[in-house]
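*Asks:* Below is a structure I'd like to ask you about.
The values are calculated or read from the model by the stated rules, or taken from the named source; none is laboratory data. Since we're looking at a predicted model, the values are computed, not measured. For neighbour counting, all protein chains shown are included, and Cβ atoms are generated from backbone atoms with ideal geometry for every residue, glycine included.
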Amino acid sequence: MENREKLNIFYTSALEAANKRSSEDMRKFGALMEQRMEEFRKQKKEELTSRYKTEAEKLKRDLNRQVSESTTELKRRLNERQQEKKEALFDMVSSKLEAYRKTEGYNDYLIAKIQMAKEFARQEEVVIYMDPTDQDRKEFLEGACGCSLMVSQQEFGGGIRAVVRSKNVLIDESFQTKLNQEREAYTF
């Protein structure tokens, strides 16, 4: 065997050994890269999941805040509208009371309330006040009820007020008081 043949055999065997070793290194390197790529994917997936959850929670908080603000604004507007309607209703009731005060039924109402105050007082002294705007009815009511009436210094929207001093009692049958009580108690 000549040197050339020996060199050729050596060259071939060195080349095969280098190729074999290179293939083995490439396989190991490929497996390592595949493992690192899988770890990278897993890490990125966890980061994305975490970011997704964080963003979803942030969006949910923002949405809840917006819903809360909208609800508060709607409640405020509803309350304003209810107050407007309530005022309109009580304005209408006030005008109807004014119209009622011009009827004969109002005289009957005053007589009934004066009699009620007298019955409550029994034998005690009772001072019955009438609204200054009803002053023109004073003589008629005194004749119908058989008692003297006082014209109040204050307007109270109609009706009567009576004081039984011995019992320390105020009987308030004024329209203004009744209207104010209803206004406070009225809810939608």
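*Asks:* Quick check on LYS113: is it of a type in the set (D, E, K, R), in a helix (DSSP H, G or I) and in contact (Cβ under 8 Å) with a residue 24 or more places away in the chain?
*Replies:* yes
*Asks:* Which members of segment 141-154 meet the condition of being touching a helix residue (DSSP H, G or I) at 6+ places or on another chain (Cβ under 7 Å) and exposed (fewer than 14 other Cβ atoms within 10 Å of the Cβ)?
*Replies:* Passing the criteria: SER148, VAL151.
*Asks:* A further question on this structure: Quick one: which of ALA117, ALA112, ALA121 is surrounded by 10 or more Cβ atoms within 10 Å (Cβ to Cβ), aliphatic (A, V, I, L, M), closer than 20 Å to LEU179 by Cβ and touching a strand residue (DSSP E or B) at 6+ places or on another chain (Cβ under 7 Å)?
*Replies:* The match here is ALA117.
*Asks:* Residue pairs, Cβ under 6 Å, 6 or more apart or interchain, first in segment 142-170 and in contact (Cβ under 8 Å) with a residue 24 or more places away in the chain, second in a loop (DSSP other than H, G, I, E, B) and surrounded by fewer than 18 Cβ atoms within 10 Å (Cβ to Cβ). List them.
*Replies:* Once the first residue is in contact (Cβ under 8 Å) with a residue 24 or more places away in the chain and sits in segment 142-170, its partners that are in a loop (DSSP other than H, G, I, E, B) and surrounded by fewer than 18 Cβ atoms within 10 Å (Cβ to Cβ) give VAL164/GLU124; SER166/GLU124.
*Asks:* Further, regarding this structure: Going residue by residue through segment 67-77, is there one that turns out to be among the basic types (Lys, Arg) and within 30 Å of LEU170 (Cα to Cα)?
*Replies:* No, segment 67-77 contains no residue that is among the basic types (Lys, Arg) and within 30 Å of LEU170 (Cα to Cα).
*Asks:* Run down GLN135, GLN82 and say which single residue is part of a helix (DSSP H, G or I), touching a strand residue (DSSP E or B) at 6+ places or on another chain (Cβ under 9 Å) and modelled with pLDDT under 95.
*Replies:* None of the other options fit; the residue is GLN135.
*Asks:* Quick check on segment 27-50. Is at least one of its residues loosely packed, with under 10 Cβ neighbours inside 10 Å and either assigned to a helix (DSSP H, G or I) or more than 60 Å from the chain's Cα centre (by Cα) (or both)?
*Replies:* Within segment 27-50 (the criterion being loosely packed, with under 10 Cβ neighbours inside 10 Å and either assigned to a helix (DSSP H, G or I) or more than 60 Å from the chain's Cα centre (by Cα) (or both)), the answer is no, since none of the residues qualifies.
*Asks:* Just one of the numbered conditions (1) surrounded by fewer than 17 Cβ atoms within 10 Å (Cβ to Cβ); (2) outside any helix (DSSP H, G or I); (3) of a type outside the set (Ser, Thr, Tyr) is not true of ILE128; which one?
*Replies:* The number of the failed condition is (1).
*Asks:* Next question. Give the residues of segment 155-188 that are at positive phi and exposed (fewer than 14 other Cβ atoms within 10 Å of the Cβ), sorted by residue number.
*Replies:* Within segment 155-188, just ASN168 meets the criteria.
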